[in-house]
Structure formats: structure tokens, C-alpha cells
Amino acid sequence: MDSDGQYGRQVVWTVVGSDIGPLLLAATGEGLLCVGFHATDAVRDRTLDRLAGRMGVRPVEAPDSPLLAEAIRQLEEYFAGKRRAFELPLDWSLLSGTSGFNGQVLRELASGVPYGAVVGYGDLARRVGQPGAAQAVGVAMGSNPLPVVVPCHRVVESDGGIGGFGGGLETKRKLLALEGVLPEPLF
């Protein structure tokens, strides 16, 4: 058993296509564990190695697993413009200190920033009772193991700038355009 008590826990994964490129999805019996952007072979292998190290078990490719089926369905609906909110069980195992600041920020983001809305880094910090912690909110966004589902793309700079994004700014722009926040990119 590893330090997080994860030994022997089954982790299944698959890669699915999306409007923002291939996404690696991983899940456990607890729920969706990971969404990884740009899931090329190299990125997939690095992500799976990281998951194995953190979870104490090698993830198993299982595209037809019932543990992934609902996440795949809801993501397809989201990218088709038919879903505005995800209703999935989430496994927060990859987020160290889920009850700490990062966990508070990501949970507030998931529940309090709806489709088609954006929030500033500082505003999100205030929502969790930590005014002045805008930079720490940025760190929390970078630690998000469940992007798209936990919508870190909806966090922007207070001056109107788009801010950073682990999946790349083009991906963030596409997600915000899908939700009607930004105009569709011309190219």
C-alpha cells in the first residue's frame, strides 16, 4: 500500500477524440480521476506513468469500461453543445490536500462557475475566504487533475486577459468559444 492508501485500486483509461484534440480519461470505482489534454502517444505514456506512481497500480486500457462510459457520454454531449453541466462522480485522489486550499478552490470552481461564465483569479480566491490569494488560485488551476469537467478554463485575469492554461491558450480559447464567452477563433 502506498502513502495514500491506494494499493490495488483499479484504474482504467482510454483516449477519446474531442474538438480540442485527444483527451486521456482515467477513472476508478470512485469516479473520474484524470482528464489529460493532447493525448499523443508520448503524453499518454507520461500520464500513465504518473498515474501508476501516484495510485500504486498500473492503469489498464479499458475503453469499454463502465467506469468510463458516463464520462465519455457527458464529454461528447458537452462538445456537441448539448450539455452545460457535468454530473459525474469525481475521484480527487490525484489532488494532494483535497481539503486544503487547492481542493477548496477547485470545488468552488466546479460548483460555482457555470457554463458560459468566467471568474477572475482574485474573485475565486475571495469566494474561498482567501482574498489576496489570486496567485495561489493560479497554482490550484495548474494542479487540476480534471480540466474541462472542473472548468479551470473559466478562470481569467481581472483586467480582461485570458490568463494561463495547462492545456495551452488555444485550447482555452476554444473551450470559452464553445461556451459562448469568446467568439470562435478564425483559424
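The values are calculated or read from the model by the stated rules, or taken from the named source; none is laboratory data. Quantities reported herein were computed from a predicted structural model and do not represent experimental measurements. Cβ atoms come from the backbone with ideal geometry, glycine included; neighbour counts cover every protein chain shown. Accessible surface is based on the protein model in full, side chains and every heavy atom, while ligands, DNA and RNA are left aside. Shrake-Rupley method; radii C 1.70, N 1.55, O 1.52, S 1.80 Å.
Hey, Arg173 hits all of (1) basic (Lys, Arg); (2) at pLDDT 95 or above; (3) farther than 19 Å from Phe86 by Cβ but one; which does it fall short on?
With (1) basic (Lys, Arg); (2) at pLDDT 95 or above; (3) farther than 19 Å from Phe86 by Cβ applied to Arg173, the lone miss is (2).
Between a residue in the stretch 100-124 that is on the phi > 0 side of the Ramachandran plot and any residue that is assigned to a helix (DSSP H, G or I) and crowded, with 17+ Cβ neighbours inside 10 Å, which pairs come within a Cβ distance under 9 Å, given they are 6 or more apart or on different chains?
Gly116/Arg154
Can we say Arg50 is free of Cβ contacts under 8 Å to residues at least 12 places away in the same chain and surrounded by 13 or more Cβ atoms within 10 Å (Cβ to Cβ)?
Details: free of Cβ contacts under 8 Å to residues at least 12 places away in the same chain: yes; surrounded by 13 or more Cβ atoms within 10 Å (Cβ to Cβ): yes.
Yes.
Return the only residue of Asp64, Asp41, Asp2, Asp45 being of a type outside the set (A, V, I, L, M) and at pLDDT below 95. Show your work before the answer.
Numbers: Asp64 fails: at pLDDT below 95; Asp41 fails: at pLDDT below 95; Asp45 fails: at pLDDT below 95.
Among Asp64, Asp41, Asp2, Asp45, only Asp2 is of a type outside the set (A, V, I, L, M) and at pLDDT below 95.
Of everything in the stretch 125-139, what is touching a residue at least 12 places away in the same chain (Cβ under 8 Å) and either open to solvent by 80 Å² or more (accessible area, probe 1.4 Å) or under 12 Å from Ala110 (Cβ atoms) (or both)? Give them in sequence order.
Arg127, Gln130, Gln135, Val139
Arg84 - would you say it is of a type in the set (Lys, Arg) and in contact with a Pro (Cβ under 8 Å, 6 or more places away or on another chain)?
Numbers: of a type in the set (Lys, Arg): yes; in contact with a Pro (Cβ under 8 Å, 6 or more places away or on another chain): yes.
So Arg84 fits the description; yes.
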